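Read the structure below first, then the notes.
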Ligand code: URA
């Protein structure tokens, strides 16, 4: 069938067969279907959706558009985690070495910052020398040697996703459950995992702001992952406020190192321990999530998780002296406090605004080819339900961009909503989604 006929079929609400979807994906990768036709198709999917069967087929086609890594020679159940993206979300940096220190091999392919959200790759690359562009052979060697590996999507892994993702980013077709599901799962299933934990964010700073959409996304991801033979567990977690105390690449590495050394960033570690507990359970080292969490706490307390992070940094070419001596890193030209404009109790911190302001400070990209300033970002000094007085420091801005200081400070100040009394915060972990359905989160379950 002509490509325009396939676009029309989806535009009119039809269901595409495996052959039809294959023709589209294959034609796009081989240059017979141009960007403008693929964009039209993506927009048709955005509005019309896809059946579960179509989404599964699309995932499978994208997965097999490149190499599917075989890690079967590495002993153990390989488990990874994927987050749908958030602000201050440095969970992977703490989680991967922590879970590896519990005995579970963790192969992780991560992404760059996207829109207002940060990306694990940009954070890792802020460590001088750290290489994320490993070949498939190097990737396999690193996980064999250190029990974990953290890289970016290569040309070989799910190339269809790489191309489609870039196109979706500029055609306003990112927020589609079938497209997000196929995108995430195609690259995760290509990295050689046996099981997957999903952190599906919900709230102001998430791509899916409404909880019911986050649940629908998690259900689709879990169902497809399970269908493809991988034990998959999802969690709906809160992204109303930035996670932890830092937003910005190196600043988030610093916070992660503190957490790996046993320092607490409570909301960050609450999420990290639950995801870690689930990974340890799926990896076969604990009978349930609660026991997995206890093991994770032990490896943080003993220093084994931190040692594993240092080993990973060294193995991937990073200069560990910056991790062992965090003060050695260069600091921004401007470090400016943002103060409270009035007395009151902090009722919310708008994570979307914070993420967008962090980009302006240099911590993220407005265009794909923008350079990032690793030092730039924001560190929070006060949190939701803290009582503050006028003039008290709420946060500190780090940037080299002197021209935007006043504007950025104003934007951050307004992102803090102050009121008369404390608010009831929804739980960080809202729901657990697995093959049994959607339940309120219970670590013993
Ligand atoms: N993360 C991905 O990898 N893909 C999407 O489509 C959205 C978030």
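Derivation of every value follows stated rules applied to the coordinates shown; laboratory data play no part. These figures come from a predicted structure and were not determined experimentally. Cβ: placed from backbone, ideal geometry, glycine included. Neighbour counts: every protein chain shown.
Using C-alpha pairs below 8 Å separated by at least 6 residues, the relative contact order for the chain is 19 percent.
Note on the stretch 171-259: Rg/Rh from C-alpha atoms, Kirkwood Rh, equals 1.02.
Considering all C-alpha pairs of the stretch 369-440, those separated by over 14 Å amount to 73%. Over all directions, the projected convex hull of the C-alpha atoms in the stretch 332-419 averages 5.2 nm² in area.
Here 243, 260 are placed in order of increasing Cβ neighbour count within 10 Å, fewest first, which gives 260, 243.
Maximal additional length on extending the residue 369-residue 389 stretch stands at 3.0 nm, based on 0.36 nm per residue less the C-alpha distance. Taking a ≥ b ≥ c as the square roots of the eigenvalues of the Cα gyration tensor, the stretch 3-49 is oblate, since a/c reaches 1.5 or more and a/b is not larger than b/c.
Relative contact order of the stretch 237-301: 26 percent, from C-alpha pairs under 8 Å at least 6 residues apart in sequence.
Here the Debye sum runs over all C-alpha atoms of the stretch 1-114 as equal scatterers in vacuum, and log10 of I(q)/I(0) at q = 0.14, 0.17 Å⁻¹ comes out as -0.78, -0.94.
Neighbour counting of Cβ atoms within 10 Å sorts the residues 148, 114, fewest neighbours leading, into 114, 148. Taking 404, 359, 193 in turn, the Gaussian network model of the chain (Cα-Cα springs below 10 Å) assigns the largest fluctuation to 404. Exposure proxy for 269, 281: other Cβ atoms within 10 Å of each Cβ, ordered fewest to most, give 269, 281.
Would you look at the GNM of the chain, springs on alpha carbons closer than 10 Å, and say which of 282, 326, 121 moves the most? Of 282, 326, 121, the Gaussian network model singles out 326 as fluctuating most. Extension gain, residue 424 to residue 166: 0.36 nm times the residue separation minus the Cα-Cα distance gives 89.0 nm. When the alpha carbon gyration tensor of the chain is reduced to an equivalent ellipsoid, its three semi-axes come out at 34, 26, 22 angstrom, largest first.
For the chain, DSSP calls about 60 percent of its internal beta bridges antiparallel. Where the centroid of each part is defined by its Cα atoms, how far is the stretch 395-445 from the stretch 185-221 in Å? What the calculation gives is 18 Å, centre to centre. For the peptides 162-172, 220-230, residues were scored by their other Cβ atoms within 10 Å and the scores averaged per peptide; the highest-first order is 220-230, 162-172. Per residue, the average separation of C-alpha pairs within less than 8 Å and at least 6 apart gives the stretch 373-418 a relative contact order of 38 percent. Modelled spin-label separation between residue 47 and residue 331, with each label point placed 7 Å from Cα along the Cα-to-Cβ direction: 5.4 nm.
Length gained on full extension, residue 307 to residue 137: 58.8 nm, using 0.36 nm per residue less the C-alpha separation.
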